[in-house]
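Scroll down for the structure; my scribbles are underneath it.
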Amino acid sequence: MRDTDDPALRTYLEAENTYCENWFAPHAELREAIFGEIRSRVQETDVSVPSKRGPWWYVSRTVEGQAYAIHCRGTSAPAAAETVILDENAESAGHDYFALGAFDVGQQHRLLAWSSDTDGSEEYTLRIRDLDTGVDLADSIERTYYGTAWSSDDTWLFYTVPDEQMRPYQVWRHRVGSTQHDDVLVLEENDERFFVEVDLTRSGEWIVITIDSKETSEVWLVPASTPEQAPKLVRPREHGHEYAVDHWGDRFVVLTNLEAEDFRVMTAPLDTPATWSELIPHRPGRRITGVEPFAGHLAVHEWSAGQPGLRVLFREGGERSIDLGSEPSDVEFGANGEYDTTTLRFEHQSLVRPRAAYDEDVRTAERVLLKQTPTPNVSLGDYESERTWATAPDGERVPIDLVWRRGTPRNGSAPLLLYGYGAYEVSIAPWFSVARLSLLDRGWVWALAHPRGGGELGRRWYRTGKLLEKRNTFTDFIACAQHLVQEQWAHPNRVAIEGGSAGGLLVGAAMTMRPDLFASVVAEVPFVDIVSTMSDPTLPLTVTEWEEWGDPRAEPFASYMASYSPYDNSMPADYPALYVTAGLNDPRVSVHEPAKWVARLRSVNQGNRPIVMKTEMGAGHGGPSGRYEAWRDLAQTLTFLHTTTPPPSAL
C-alpha cells in the first residue's frame, strides 16, 4: 500500500470510494440539504478588509460561483479591489486541485512571488509576476516548499527546497531574470531532525533563516540590502534551546525558552546578536507564542489559563493588555503591513461570534470594528457557549469549550460531537463555523477538548502529552467524553468524536481504548500506524518526528508506542461507526496508514455499524481544494455523524 503508483492500490482505493459513494447514496437528500445550509450562511461575493503596505492597499475577494480567491490592490482603501494581481480561479483552470503557496509582494512593490501546487503533494512551482503588466516572467522554479523572502531592491528572491522525505533542508537565492540552474545555495541542513525556513523581518531589513527541530533551533541572518552576503549565525544550536529572532529598529528582539519553560523575550544589539538582555521575564503558565515588532511598540501573543491574549509593550516603557472579554475565544494578529504605526490589527472570534477584524490604537485604546464575517440567514443570538473542566485519571483538570443552540435540553438526551487534536504544542482556540450550525440546529452539542499534547496551558501541558507521556492525551480526551455525559451534556450512547492528522491518532486511540464509549468516529487523514511509520526513516518526515513521538526501533519507545497505536490495538470488538478520509498524494500521513487500518478494523469488527473510507485521488493532506468542494466534504461528514448517531427513539 506504500507504492501509490501501484495499479493494484489504486484499484483498491477506487473500490473503497465506490463503497463510500454507495453508502452515502441513501442519504443524498440530507447531504444536499446540509450543503445548501452551509452555502446559504456564506456571503459568497465578498471582500476582505483592505490592508496597507507601502503605497498600496491589498485585498482578496470572492465571487459567487467561483471556487477560489482573487487577490487585488489599489492606491487607496476604497480602490483596493480594482486591480487584480492574481486570480486563483484563472490559475486553477484545468486542474482538479489547486493550492496557493507563496504570495509575496516584493519590497519595491513591482514584483509578486507566487507558487502553486496542483496535486496536493505540497511541492510548489514558484513564479514571479510583473505587477505593472500582470504577466509572469520567464522565471520558473520547480519543487519548492513554503517560505520566501525578497531582497531590499527586489533583485533577489530566497526560497526553500524539500528533500526526498519532504523536509525543507535548503535555502536558495534566485536572481530575477535568471534560470533555476543559476540559483545559489545559501544554506543546507543535513541533520534530518531539522526543518529550514526563510522569512523577512517586519521591518524588511533582514532575511531570517531559521533551523528548527521539535526541541532545538538556531537562526542565521542576512541583510536584505546586501543579500549576497553570507548568513551570520545568531547563536549555535544547543539541544533543548528554542529561539526566534525579529528586528526592532536599533536592536533585535528574541523569543526564547532559555531558562524559561514558557518563554521570555530578550533584546540584542545589531552588531552582536548573540548578546541578550531580558525585556519580558518568564512567568510560568504564561506561554509567549509570538511577538510582532513595530517602530514604537512590541505586540505580544500569549496563552494563559487556556486562553489566547494580546499585550503591547511600549519602547519607552510600560505596557497594556488588549481587552478581549472573559468568553473563551480566539485572537490572532491580523494583516499588519505597516511598521511605523500605532495601529494594531487583530482578528477575534468565538464559538458564537464570527471572525471580526479590528484596528486598535495601542496608545489611546480606541478600537474600530472593520468587519465581521457576514453570516446571512443566521441569528447569532440563538447560540450559547461556555467552558467546563473535566478531571483526568491523574487529577489534571482538562478544559472543554461547548456550544449549543439555545433551548437544547441539558438532560442527558442530546447527541454530542467532541473534537480534539492534542499534539505538537498546537493550541486549538474556539472558532466560529457556519457548517457546525447544521448540527446545532438539529439538537447537537459541540465540544472542543484541550488535552495534553497541545499548548493551551503552557509548555508543561505539551511536555506531559508527548513521548513517554503521550497516553495522557488519549486518557484526557476520554475523560472529557465521560465528563460531558456525567454533566448531562450528552446521552451516553450519542457521543461522536472527530479529529484530523494527529487528531486522527487521538480519536483512533480513544476508539480502540474505549470502543463502548462512542457512537460514531470521524478520523480525517489519521496518523494511525504510528509504530510502523516511525520505524521507517525512509518515509516522509519520520526522523523529524522522533522528538515528538519517540523512535520505536528501540525500547522503551517500542513497547510504549505499541500500547496506544490504533492499528496495533485494533482487536476484536463492537466498534463505533467510522468515517475515514485520506489523500493519495498526502506527504504527511501516507495513504497506506488509513487504508490498512480500515482493512484491519473490518476484519476484527464484531458489530454491524458501518466503516467507510474516502480517498481523494488527486489531493493531499488538506482534502479537496476550492470552497464549494470543501463545503460538500463538510456536508458529507456531518451527514455521516447525524445518520450514524442513533436518535433517542432507537435507544
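The values are calculated or read from the model by the stated rules, or taken from the named source; none is laboratory data. Bear in mind the structure is a predicted one, so any value in this text is a computation, not a measurement. Please note: Cβ atoms are built from the backbone with ideal geometry, for glycine as well, and neighbour counts cover all protein chains shown.
For L402, the requirement of being farther than 30 Å from E242 by Cβ and crowded, with 17+ Cβ neighbours inside 10 Å is met. Restricting attention to segment 601-619, the residues that are among the polar types (S, T, N, Q) and under 21 Å from A496 (Cα atoms) add up to 3.
D262 meets all of the listed conditions (1) assigned to a strand (DSSP E or B); (2) crowded, with 19+ Cβ neighbours inside 10 Å but one, namely (1).
Residues are listed down the side, and each one gets a yes or a no for (1) surrounded by 20 or more Cβ atoms within 10 Å (Cβ to Cβ); (2) in contact with a strand residue (DSSP E or B) (Cβ under 6 Å, 6 or more places away or on another chain); (3) polar (S, T, N, Q); (4) closer than 22 Å to P430 by Cβ:
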position	(1), (2), (3), (4)
T267	no, yes, yes, no
E278	no, yes, no, no
Q307	yes, no, yes, yes
V312	yes, yes, no, no
Y339	no, no, no, no
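Within segment 422-450, the residues that satisfy the criterion of being out of contact with any strand residue (DSSP E or B) (no Cβ under 6 Å at 6 or more places or on another chain) and within 30 Å of R286 (Cα to Cα) are A423, Y424, E425, I428, S433.
Scan the helices (runs of 4 or more DSSP H) fully inside segment 1-93 and keep the ones with 1 or more residues being under 26 Å from the mean Cα position of the chain (by Cα) and closer than 30 Å to Y579 by Cβ. Break it down stepwise before answering.
Details: elements: 7-24, 28-40, 88-91.
Result: 28-40, 88-91.
Applying the condition of being among the small types (G, A, S) and in contact with an Asp or Glu (Cβ under 8 Å, 6 or more places away or on another chain) to segment 114-156 and asking which residue is nearest to P540 (Cα to Cα) yields G120.
Screening S379 on (1) surrounded by fewer than 15 Cβ atoms within 10 Å (Cβ to Cβ); (2) among the hydroxyl-bearing types (S, T, Y); (3) in contact (Cβ under 8 Å) with a residue 24 or more places away in the chain shows it passes everything except condition (3).
Just give me the residues in segment 342-386 being in contact with a strand residue (DSSP E or B) (Cβ under 9 Å, 6 or more places away or on another chain), closer than 22 Å to L440 by Cα and among the hydroxyl-bearing types (S, T, Y), in sequence order. Correct list: S350, T373, Y383, S385.
Restricting the first member to segment 537-555 and to residues that are outside the structural domain of G454 (by TED's automatic domain parsing), and the second to residues that are assigned to a loop (DSSP other than H, G, I, E, B) and surrounded by fewer than 20 Cβ atoms within 10 Å (Cβ to Cβ), no beta-carbon pair is closer than 9 Å while six or more apart or on different chains.
Considering segment 174-258, the qualifying strands (runs of 3 or more DSSP E), each wholly inside and each with 3 or more residues that are surrounded by 20 or more Cβ atoms within 10 Å (Cβ to Cβ), run over 195-200, 206-212, 217-223, 243-248, 251-256.
Looking at V485, V521, can you tell me which residue is of a type outside the set (G, A, S), in a helix (DSSP H, G or I) and in the same structural domain as R609 (by TED's automatic domain parsing)? Going through V485, V521 in turn, just one is of a type outside the set (G, A, S), in a helix (DSSP H, G or I) and in the same structural domain as R609 (by TED's automatic domain parsing): V485. Selection of segment 400-426 for residues being under 18 Å from the mean Cα position of the chain (by Cα) and under 19 Å from E524 (Cα atoms) yields Y419, G420, Y421, G422, A423, Y424, V426.
When you go through L457, L448, L484 one by one, which is the residue that is aliphatic (A, V, I, L, M), more than 23 Å from L638 (Cβ to Cβ) and buried (at least 20 other Cβ atoms within 10 Å of the Cβ)?
Working: L448 fails: more than 23 Å from L638 (Cβ to Cβ); L484 fails: more than 23 Å from L638 (Cβ to Cβ).
L457 is the lone residue from the list that is aliphatic (A, V, I, L, M), more than 23 Å from L638 (Cβ to Cβ) and buried (at least 20 other Cβ atoms within 10 Å of the Cβ).
Of all residue pairs spaced 6 or more apart or on separate chains, those with beta-carbon atoms under 8 Å, a first member in segment 233-247 that is within 11 Å of A274 (Cβ to Cβ) and in contact (Cβ under 8 Å) with a residue 40 or more places away in the chain and a second member that is surrounded by fewer than 16 Cβ atoms within 10 Å (Cβ to Cβ) and hydrophobic (A, V, I, L, M, F, W, C) are V234/A274. Taking the conditions exactly as written (closer than 23 Å to W631 by Cβ, in contact (Cβ under 8 Å) with a residue 12 or more places away in the chain, touching a Phe, Trp or Tyr at 6+ places or on another chain (Cβ under 7 Å) and part of a loop (DSSP other than H, G, I, E, B)), does D119 satisfy them or not? When the stated conditions are applied, D119 passes them. Among the residues of segment 123-173, those that are among the aliphatic types (A, V, I, L, M) and assigned to a strand (DSSP E or B) comprise L126, I128, V135, L137, A138, I141, A149, L157, V161, V171.
Given the criteria acidic (D, E) and in contact with a Gly (Cβ under 8 Å, 6 or more places away or on another chain), does D130 qualify? Working first, answer last.
Values: acidic (D, E): yes; in contact with a Gly (Cβ under 8 Å, 6 or more places away or on another chain): no.
Answer is no for this residue.
Scanning segment 94-116 for residues being assigned to a strand (DSSP E or B) and in contact (Cβ under 8 Å) with a residue 40 or more places away in the chain gives a total of 7.
Screening N493 on (1) in a helix (DSSP H, G or I); (2) surrounded by fewer than 23 Cβ atoms within 10 Å (Cβ to Cβ) shows it passes everything except condition (1). Considering segment 48-74, the residues that are in contact with a Cys (Cβ under 9 Å, 6 or more places away or on another chain) and closer than 20 Å to S92 by Cα include one that is surrounded by the fewest Cβ atoms within 10 Å (Cβ to Cβ), namely R61. Only one residue in E122, E37, E64, E29 is outside the structural domain of L541 (by TED's automatic domain parsing), more than 19 Å from A357 (Cβ to Cβ), in contact with a Gly (Cβ under 9 Å, 6 or more places away or on another chain) and acidic (D, E). Which one? That would be E122, the only listed residue that is outside the structural domain of L541 (by TED's automatic domain parsing), more than 19 Å from A357 (Cβ to Cβ), in contact with a Gly (Cβ under 9 Å, 6 or more places away or on another chain) and acidic (D, E). Filtering T125, T118 for residues that are hydroxyl-bearing (S, T, Y) and farther than 17 Å from A69 by Cβ leaves a single hit, T125. Looking at the structure I just gave you, is V368 in a strand (DSSP E or B), among the β-branched types (V, I, T) and under 30 Å from M511 (Cα atoms)? So V368 does not fit the description; no.
I'd like the residue in segment 348-359 that is in a strand (DSSP E or B) and surrounded by 19 or more Cβ atoms within 10 Å (Cβ to Cβ) and, out of all such residues, is farthest from the chain's Cα centre (by Cα). Talk me through it step by step, then tell me what you get.
Taking segment 348-359 as the starting set, the residues that turn out to be in a strand (DSSP E or B) are 348-350, 356-359.
Restricting the remaining residues to those that are surrounded by 19 or more Cβ atoms within 10 Å (Cβ to Cβ) gives 348-350, 357-358.
Numbers: H348: 17, Q349: 16, S350: 17, A357: 19, Y358: 22 Å.
Ranking the candidates gives Y358 first.
Filtered by the rule that a residue be among the hydroxyl-bearing types (S, T, Y) and either buried (at least 19 other Cβ atoms within 10 Å of the Cβ) or at positive phi (or both), segment 609-636 gives T615, S625.
Being under 19 Å from H348 (Cβ atoms) and more than 18 Å from the chain's Cα centre (by Cα), is that true of even one residue in segment 427-434? Taking every residue of segment 427-434 in turn, at least one turns out to be under 19 Å from H348 (Cβ atoms) and more than 18 Å from the chain's Cα centre (by Cα).
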